[in-house]
Amino acid sequence: MKVELFELNNNEMDKLEEFITKNEINVETFNELAKSINFSFSVEECSRLLSHHICESLDSYTQQSQRYVKMGEDAFVLPEEIKNSTLEKEFTKLTKELFDFYGKITQIKDGFAGRKASESDYVHGIKIEDGRYILPLNTTTNILVTMNFSRIINFYNAMKRLKAKESEDLLKKIDVGIGKTKIVEFINKNIIQKEEEIVAEYSKEIFEKISKENNCILINSFKEPLLRSGLGALTSTNDLGASEIKKQWDINNEASEKSKGVTARVIGYGHTSIIEHARTNFGMTMSLTCYHQFERHRLPENIREQFDQLPIEREIIIPPSVKRNKEILEEFKQKVDKVKILRKKLKENNLPQEYLLLNCDMLKLISSTNARIDNDILSERTCNNAQWEIRNLYIKKLEQLKKLAPILYDNAGPGCTRGKCPEGTLTCGKILEVREKFGYFGSSN
């Protein structure tokens with residue numbers, strides 16, 4: 001793993017180093033002072049397992065996409081914990097088998113010279129975005145990270161969550177990249193580990209309600225989401241506070257209708273900040289392929305299962321294009337079974353089995369969002385160009401949100417339902433079909 005292209009605001013770093021040397025400060029003060037500094041670096045040839053934790057730090061990042069980049073046969077890491085262990089040879093052999101199988105099922109037809117291949121351009125009709133479901137989390141990736149330096153302790157906390165030599169190596173290299181002794185000492189002294197077992201126990205009841213079939217369930221929301229939005233709208237322009245406005249509405253039992261009318265009117269002006277007062281919590285389950293798409297949206301607040309605690313015998317998600325080929329489907333399942341057996345061996349030997357989690361393995365999570373965030377995400381993820389699994393998941397979510405609070409989600413859906421297709425030359429070409437399914441909410445021009 002390489003960590004390159006460090007860039008910091010050096011003058012501000014010198015100033016912060018000097019200030020920490022002379023003064024005793026707490027974490028809150030450090031974070032406030034660090035806001036004047038920006039930080040960026042590139043992590044190259046790390047595992048996808050590590051990159052999941054980097055993405056979860058909620059900083060800005062751009063990552064190599066397995067949807068568009070075909071992985072080479074040796075594009076994997078051998079974790080330090082497994083090197084020189086009794087299972088090293090078996091681990092390496094099985095990883096190579098997975099990559100060989102991935103290469104076979106995503107073979108492109110001779111003579112293809114285009115930039116974007118369709119299913120018909122592949123020998124077996126399986127695109128790399130579906131073939132990747134068999135790849136393990138020790139597959140390598142590259143990621144460019146940029147953050148405000150006030151988030152650096154949060155980043156270290158996220159890396160420590162992995163509890164792996166790879167994440168420790170990353171932090172040591174970042175220590176060197178930061179290059180300021182007192183700042184590095186302060187950061188490492190103030191790392192706080194999340195109590196994972198307590199979080200897991202707290203979330204257990206909700207996770208038990210989620211399954212492969214019930215993969216998107218509304219856990220809770222405010223009792224009257226539109227009331228919160230309506231009161232938020234009037235708080236901005238009224239001399240009365242929200243509670244007094246509600247009292248007036250309650251005199252004639254008009255709170256529900258009034259809040260609907262105010263919300264609809266203000267949304268019509270394009271002022272969508274008021275719908276941030278409408279929050280929901282959903283329980284979801286998805287493949288790790290889908291989770292990678294999901295975690296790119298940095299605004300939701302998520303609680304997920306721990307990677308090292310995912311049940312080995314849990315069901316997997318298999319792409320439709322794989323299911324259509326009986327011979328490949330059978331081999332896909334055989335590979336998955338071999339991985340499960342080795343994961344058990346790794347666990348029995350106190351070695352990290354999460355590096356052998358496959359992209360087809362399922363993860364459960366709880367996601368908390370507001371209506372404004374959801375409308376933005378739905379615009380992207382219900383589009384025909386979105387990855388098929390996350391598209392299906394968000395169509396399910398949209399159906400439930402429309403029932404919960406129609407006015408807040410009346411215009412939700414793909415971008416082309418509100419005007420010109422935002423995908424430009426990458427348009428799916430099915431705009432009328434999409435509008436028939438979701439509706440059209442743009443102008444009639």
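Residue-level analysis places residue 119 among those that are at pLDDT below 95 and touching a helix residue (DSSP H, G or I) at 6+ places or on another chain (Cβ under 8 Å).
Counting only helices (runs of 4 or more DSSP H) wholly contained in the range 188-291, the ones carrying 1 or more residues that are over 23 Å from residue 55 (Cα atoms) and acidic (Asp, Glu) occupy 196-209, 242-251, 255-268.
Residue by residue, here is whether (1) within 30 Å of residue 186 (Cβ to Cβ); (2) of a type in the set (A, V, I, L, M, F, W, C); (3) free of Cβ contacts under 8 Å to residues at least 60 places away in the same chain holds:
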site: 71; (1), (2), (3): no, yes, no
site: 86; (1), (2), (3): no, no, no
site: 108; (1), (2), (3): no, yes, yes
site: 111; (1), (2), (3): no, no, yes
site: 144; (1), (2), (3): yes, yes, no
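Has the range 428-437 got any residue that is in a loop (DSSP other than H, G, I, E, B) and not small (Gly, Ala, Ser)?
Start the filter on the range 428-437 by keeping residues that are in a loop (DSSP other than H, G, I, E, B), which leaves 428-430.
Subsequent filtering for residues that are not small (Gly, Ala, Ser) retains 428, 430.
Yes, the range 428-437 contains a residue that is in a loop (DSSP other than H, G, I, E, B) and not small (Gly, Ala, Ser).
Filtering 85, 57, 40 for residues that are in contact with a Ser or Thr (Cβ under 7 Å, 6 or more places away or on another chain) and on the phi < 0 side of the Ramachandran plot leaves a single hit, 40.
For every residue, the table says whether it meets (1) surrounded by 20 or more Cβ atoms within 10 Å (Cβ to Cβ); (2) in contact with a Leu (Cβ under 9 Å, 6 or more places away or on another chain); (3) not β-branched (Val, Ile, Thr).
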{"residue": "371", "(1), (2), (3)": "yes, yes, yes"}
{"residue": "378", "(1), (2), (3)": "yes, yes, yes"}
{"residue": "382", "(1), (2), (3)": "yes, yes, no"}
{"residue": "393", "(1), (2), (3)": "yes, no, yes"}
{"residue": "399", "(1), (2), (3)": "no, no, yes"}
{"residue": "404", "(1), (2), (3)": "no, yes, yes"}
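Out of all the residues in the range 107-142, which are touching an Asp or Glu at 6+ places or on another chain (Cβ under 8 Å), crowded, with 18+ Cβ neighbours inside 10 Å and either part of a loop (DSSP other than H, G, I, E, B) or of a type in the set (A, V, I, L, M) (or both)? Within the range 107-142, 126, 127, 137 meet the criteria. For the residues 238, 220, 215, 190, the requirement of being under 30 Å from residue 25 (Cβ atoms) and modelled with pLDDT of 90 or more singles out 190.
Condition check ((1) touching a residue at least 60 places away in the same chain (Cβ under 8 Å); (2) of a type in the set (Lys, Arg); (3) assigned to a loop (DSSP other than H, G, I, E, B)) across all residues:
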residue: 331; (1), (2), (3): yes, no, no
residue: 345; (1), (2), (3): yes, yes, no
residue: 351; (1), (2), (3): yes, no, yes
residue: 380; (1), (2), (3): no, no, no
residue: 384; (1), (2), (3): no, no, yes
residue: 391; (1), (2), (3): no, yes, no
residue: 397; (1), (2), (3): yes, yes, no
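Looking at 162, 170, 144, can you tell me which residue is at pLDDT below 95 and over 20 Å from residue 99 (Cα atoms)?
Unique residue meeting the criteria: 162.
The values are calculated or read from the model by the stated rules, or taken from the named source; none is laboratory data. If you're wondering where the values come from, they're calculated on a predicted model, not measured in any experiment. Don't worry about glycine lacking a Cβ; one is built from the backbone with ideal geometry, like all the others, and counts go over all protein chains shown.
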